[in-house]
1. If we count other beta carbons within 10 Å of each Cβ, what is the order of 13, 208, fewest first?
2. Calculate the FRET efficiency for residue 63 and residue 155 from the Cβ-Cβ distance with a Förster distance of 51 Å, rounded to the nearest 0.05.
3. Say R0 is 22 Å: what FRET efficiency, to the nearest 0.05, do residue 181 and residue 89 get from their beta-carbon distance?
4. Return the Rg/Rh ratio of the chain with Cα-based radii and a Kirkwood Rh.
5. Between residue 117 and residue 16, what is 0.36 nm times their sequence separation minus the Cα-Cα distance? Round to one decimal in nm.
6. 222 nm [θ] for the chain, helices only, -39500 (n - 2.57) per DSSP H run of 4+, per residue, to 500?
7. Fewest to most neighbouring Cβ within 10 Å: what's the order for 233, 146?
8. Alpha carbon centre of region 44-75 versus region 110-186: separation in Å?
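The numbers here are math on the coordinates, done by the rules we state, and not lab data. Source: prediction; values computed, not measured. So basically every Cβ, Gly included, is an ideal-geometry build from the backbone, and we count neighbours across all protein chains shown.
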């Protein structure tokens, strides 16, 4: 069992602006998210770590790993423990300058050479990384909110940016889904956190239309949330090409 990376070097002040992988966020009264009874907490991080750990045989030997929206850097540090600190380039992106600093510190604390990039999603990485990414990870702002609430959170740089997903909780995720196929290498794997409000089956269908195979690889109930991990790959992936697709 791979231990969860340490984030003890980060303070309560850090977590005022960076999503905490071991806490629970307060929702604004009257927001669409509070109306739906949803509140993101630690479990979305931990189910993502579990999905990566169960696929460690597939992920070993990866050369370029990319986490979109790294926050504290916990997930990428964990990925580094799977792939090995010297065998891959660990890139992360975040629009929050404080998150890039926290990610760098988390990498140093856990002896994983993380390389944070201050950018919006993958804006500055294409076309340089076209069909080069072996592991792509995204824990998006998936909570359904008013569209205006999500826009204000993204522009305002508040902690709400980490969870306010707009209509269907999909406004940021939809932007990333457009960029997945161009990024993935021949052996590339994409891991996405979703909840039922995001309509996971529709996401699978959307990505199939973009030429990627996919499945729901993990499900877990956490309080009022029902978390899903979706996993995508190219049909020509060497580990899946001869296997029959799962229903």
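1. In order of increasing Cβ crowding within 10 Å: 13, 208.
2. 0.90
3. 0.60
4. In the chain, Rg relative to Rh is 0.94.
5. Gain on extension, residue 117 to residue 16, equals 34.3 nm.
6. -9000 deg cm²/dmol
7. The order, fewest Cβ neighbours first, is 146, 233.
8. The distance from the Cα centre of region 44-75 to that of region 110-186 comes to 15 Å.
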